[in-house]
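Right, one structure below, let's go through it.
The values are calculated or read from the model by the stated rules, or taken from the named source; none is laboratory data. Since the structure is predicted, the reported quantities are computational estimates derived from the model, not experimental observations. Neighbour counts run over all protein chains shown; Cβ positions are idealised from the backbone, glycine included.
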Amino acid sequence: MFATEGQDKCMTVPPPTSLSSFTAAISALLAVVTVPCNVLVCLVILKCPPQFKNLRTPFTYFIVNLAMTDVLVGITTEPMSVVYHLMEARALSSTSFVRLLHLLYFLPCTVSVLSIMALTFERFFAIAKPLKYRRNVNHFRVFVVSGMIWILSPVFLSPYFAMGYRTFSFLFANVVILVTLCSLLYAYFKIIKTIQSRKKLRQETLRGFCFANQKATLFEEKLTSTFTCILILFAICYATPCLLIYIMNLCTNCSCEAIHWLRDTSFLCVICNSAINPFLYAWRLPSFRKGLRFMMLGISRKSSLPKNST
């Protein structure tokens with residue numbers, strides 16, 4: 001898979017038919033899950049009434065940005081992967097089609113990485129400087145940052161046209177993913193350290209601590225625990241491909257069949273993240289579950305109206 005352009009000894013060696021069929025089947029299954037689940041995430045957060053104010057925060061709007069990225073994966077990358085691998089199984093190929101698939105693979109990856117970074121800074125600011133956060137971080141600024149992420153992400157893809165997939169994936173793994181993961185881990189431990197020191201301070205000064213401030217702080221800490229789960233899932237789904245890309249580029253004795261397996265596995269690990277994210281939000285965000293139940297009840301009531309009228 002993905003063996004066009006650049007110096008690659010395996011580009012003329014076809015992958016096993018079973019591998020192509022397997023990757024096509026998994027891509028189709030993920031597309032069926034990814035699109036409706038992430039569309040539902042966007043609808044619940046954006047369409048729920050004002051009383052669900054915990055769903056209208058900068059944190060959840062960054063979640064919407066991630067969900068929109070996952071929708072892009074579900075409606076473009078995964079269906080194109082199905083088509084490509086079915087063609088591959090029949091020994092058919094199209095350079096322009098593969099190139100487009102590469103771009104639609106790396107673009108959501110870049111948007112996801114930058115969105116996770118923005119989410120990390122949002123959490124750090126919310127925990128480290130809560131007063132400035134409430135005063136300065138608003139929905140408009142979140143939308144501006146999200147828009148800038150989508151505008152800047154294609155810029156990171158320009159080296160692909162000169163390098164080809166295999167070399168660019170190695171560069172992408174080192175510069176974009178590994179550097180980002182290191183930055184996220186550093187920021188995460190700073191956040192955890194701040195939370196621990198604040199808990200200690202809260203225990204010492206509980207009587208003089210304003211109830212409203214205490215409630216707001218606890219809410220931000222709960223969101224941070226959700227962010228921790230998102231970060232862990234992101235690290236697993238992106239660190240694994242990084243390791244596989246290293247093996248793929250540095251292994252001198254690997255057969256071409258092994259290289260094809262490494263490529264497809266790294267691809268599937270990344271797109272799996274898009275299918276799992278919505279279930280993570282539903283598991284970790286009580287306000288999301290309440291909003292989802294509210295929407296489902298509203299839909300069921302509307303569907304029952306014609307029956308009642310008759």
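Of all positions in region 115-132, none carries a residue that is of a type in the set (F, W, Y), in a helix (DSSP H, G or I) and under 24 Å from L262 (Cβ atoms). Screening H102 against (1) crowded, with 16+ Cβ neighbours inside 10 Å; (2) over 29 Å from Y160 (Cβ atoms) leaves a single unmet condition, (2).
Condition check ((1) out of contact with any Asp or Glu (no Cβ under 6 Å at 6 or more places or on another chain); (2) at pLDDT below 90; (3) not polar (S, T, N, Q)) across all residues:
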{"residue": "Q7", "(1), (2), (3)": "yes, yes, no"}
{"residue": "L30", "(1), (2), (3)": "no, no, yes"}
{"residue": "N54", "(1), (2), (3)": "yes, yes, no"}
{"residue": "V71", "(1), (2), (3)": "yes, no, yes"}
{"residue": "P79", "(1), (2), (3)": "yes, no, yes"}
{"residue": "V98", "(1), (2), (3)": "yes, yes, yes"}
{"residue": "L104", "(1), (2), (3)": "yes, no, yes"}
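When the residues of region 265-302 are filtered to those that are small (G, A, S) and touching a residue at least 40 places away in the same chain (Cβ under 8 Å), the one that is surrounded by the most Cβ atoms within 10 Å (Cβ to Cβ) is S274.
In this structure, does V111 turn out to be over 23 Å from F97 (Cβ atoms) and either assigned to a helix (DSSP H, G or I) or among the small types (G, A, S) (or both)? Walk me through how you get there before you give the answer.
On the way: over 23 Å from F97 (Cβ atoms): no; either assigned to a helix (DSSP H, G or I) or among the small types (G, A, S) (or both): yes.
Against the criterion (over 23 Å from F97 (Cβ atoms) and either assigned to a helix (DSSP H, G or I) or among the small types (G, A, S) (or both)), V111 does not qualify.
For region 197-238, the tally of residues that are loosely packed, with under 15 Cβ neighbours inside 10 Å, at pLDDT 80 or above and small (G, A, S) stands at 1. L101 - would you say it is touching a residue at least 60 places away in the same chain (Cβ under 8 Å), aliphatic (A, V, I, L, M) and either under 26 Å from F234 (Cβ atoms) or in contact with a Ser or Thr (Cβ under 6 Å, 6 or more places away or on another chain) (or both)? Criteria met by L101.
Quick check, is A258 at pLDDT 85 or above and more than 29 Å from R123 (Cβ to Cβ)? So that I can check it myself, show each step before the final result.
On the way: at pLDDT 85 or above: yes; more than 29 Å from R123 (Cβ to Cβ): yes.
Yes, satisfied.
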